[in-house]
Amino acid sequence: MRDWIVKETETVVRTAAPTFDANEKIRQLQTSIERVIKGKPETIKLALAALFAKGHLLIEDVPGIGKTTLANALARALDLSFQRIQFTSDLLPSDVIGLSIYNQRNGNFEWNAGPIFSNIVLADEINRATPKTQSALLEAMAEEQITVEGVSRPLPLPFMVVATQNPAEHHGTYPLPESQLDRFMLRLHVGYPRKEDERAILRDRERRNPLEFVRSVMSESDVLELQRLASNVRVDDALVDYLLNIVGQTRLTENFELGISPRGTLSLFRCAQAFALIEGRDFCIADDIKRLTIPVFAHRVIVNVRNVNPKRRNHEAERILSEILQKTSVPI
């Protein structure tokens, strides 16, 4: 009789705790975002890779391409707290992180948290704020906490900054310093849509805003579990050597004044793990590293500008990295 009770209890427990289907969760998230972002499946995958790798995302392109729409669609598809900060030249650091306000009733200073205390923070047009305000994000992005008046306050987890910016040559922009750029795991370019995708965009927006129909498909616990699974994706030693060989070339070439930092190396490693998870694998392949090298590295290197137009430094960085990838032998 006792054995029967134990067996029945085990059956109930197994039934009450269904298996977490990572592939299905990721598919639902991709489908929800694709309702708004048409014809950009690779861009969406890269954005999700940053999320599952516990990184931050920088979306850079000309105005009107859909940078903010992509960030909003990602936030709406996740059942997480979300805040948007519109960066302008008069924005102050306290507008981002918060400040203490004196309460005349009790004679104490009370902490008022800023919008940075959210799971997903959209820093819209980040390069329109002054460097002082931009620097307010540095500690948050690196350590997932904010220190004000000697007190460290942890940020909610998961935590991700999605920043958008216009190209540096546009009027009224301040270039992001290297220390800030290095905190972003990935930099994406959305790019112009194809004709058929732009037609679908026009039809979708005839009578409604498609963002209103993006439903939340992933909870906080789901995101944390996918981040855990991504960190367990296997990366063979041969692939680690392949990654390090690419990094080493960025530090040796005369085309770069500044190569990839150890933070950049770790970012590519983690991002490759997350991308493999998105592709439905529990192991990395060389193609994961090749596909991610430019999005992860291009904004971190500094091109030697002796023979390069400063306005084309980003394009030149991508070209040089492509050459490094071609020269670096791929493990078999």
- Message: Yes or no: region 129-146 includes at least one residue that is in a strand (DSSP E or B) and either touching a strand residue (DSSP E or B) at 6+ places or on another chain (Cβ under 9 Å) or on the phi > 0 side of the Ramachandran plot (or both).
- Response: yes
- Which listed residue is more than 30 Å from Asp222 (Cβ to Cβ), free of Cβ contacts under 8 Å to residues at least 60 places away in the same chain and in contact with a strand residue (DSSP E or B) (Cβ under 6 Å, 6 or more places away or on another chain), from Phe109, Phe82: Phe109
- Any residue at all in region 123-138 that is under 30 Å from Glu34 (Cβ atoms), hydroxyl-bearing (Ser, Thr, Tyr) and in contact (Cβ under 8 Å) with a residue 40 or more places away in the chain? no
- Message: What's the total number of residues in region 226-263 that are part of a helix (DSSP H, G or I) and more than 23 Å from Leu157 (Cβ to Cβ)?
- Response: 17
- Note on the structure: With criteria (1) free of Cβ contacts under 8 Å to residues at least 60 places away in the same chain; (2) over 20 Å from Ile320 (Cα atoms), Leu229 comes up short on (1)
- Query: Considering only residues of region 182-225 that are part of a loop (DSSP other than H, G, I, E, B) and in contact with a strand residue (DSSP E or B) (Cβ under 9 Å, 6 or more places away or on another chain), which is surrounded by the most Cβ atoms within 10 Å (Cβ to Cβ)?
  - Reply: Met185
- Query: Restricting the search to region 242-281, which residues are of a type in the set (Asp, Glu) and at pLDDT 95 or above?
  - Reply: Glu279
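The values are calculated or read from the model by the stated rules, or taken from the named source; none is laboratory data. No experiment lies behind these values; they were computed from the predicted model shown. Note that we place each Cβ from the backbone using ideal geometry, even for glycine, and neighbour counts take in every protein chain shown.
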